[in-house]
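As structure tokens, the structure follows; a few thoughts come after it.
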Amino acid sequence: MATTQVTPTEVSVETKGGLAESQRREKITSQVIWILPAYNEERTVGGVVRVVKGSNLGRILVVSDGSVDRTVEVAERAGAETLTLHPNRGKWGAVDEGIRHAAGDHGDPIVALLDSDLLGLTAHNLELLLRPLQEGTHGAVVARCIGGDLRHRAGQWFFWLSGVRAFRVSFWREFMASEYGDTTGRFGLEIGITRFAATRRKRMARLSFKNVSQVMKEEKRGFLKGFKARLRMYGEILRFALKRKRRRSNQP
């Protein structure tokens, strides 16, 4: 495991307000950490890192979760700091470990989560993801990615499945201390965050990123292996949801 302490960095984000470049920009200063959990994503992680790096919107940490390919090398060449975990802990454990290493005791920075296999991501998408937290209008943000062909769009309409998220470290710590925090689960993180925000009345902004998609598991691993991996993922998500529902029903 990497021992380098990754700290947030103060950055300036200028927003257009959605109008022409010549209009007055409002300067927003904030602490931002981008965390990209990755498992064997050498083909795509570099592209995502370069978009974030080029936006100058904060520090980037790629958490290589048991990868056996060139994920770490590609991420570092693209400009990210990396944290290597062995063995594979699943997305939940990778995100938690990444936040622990990245945030430390450095106040209450914004943590933005991105999937390492995103395609079509832009700097403008990143600005939109951060804006509700920087302006203090919401306690968390989720963005669904709508792009690709029909194969990609099956699960894109459900916000609660999206891995593109943003919140402050204090939100994460409160979430992990709640009944929804469970790093033993390999999947279910997105559902847990969504339910936590709803039950704690944390206002969550919902965004849609058009022309942004992900590489499908079937494309990464071959159809049969990818399809089996997808079924396992959906199965674990369903078990997590049912477990949480039973736990709530048993509470007095």
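In order along the range 162-172, phi translates into HN-Hα couplings of 6, x, 8, 9, 8, 6, 8, 4, 4, 4, 4 Hz, rounded to whole numbers, per the Karplus curve 6.51 cos²θ - 1.76 cosθ + 1.60 with θ = phi - 60° and x for Gly and Pro. A simple count of charges around Ala143, restricted to other residues whose Cβ falls under 10 Å of its Cβ and scoring Lys, Arg +1 and Asp, Glu -1, yields +3. You can think of it this way: the chain between Asp69 and Trp160 has 29.8 nm of extra reach, that is 0.36 nm per residue less the Cα-Cα gap.
Every number here is computed from the coordinates shown, using simple stated rules; none is lab data. Note that the structure is predicted; figures quoted are calculated from it, not measured. No Cβ is skipped: glycine too gets one built from the backbone with ideal geometry, and neighbour counts run over all protein chains shown.
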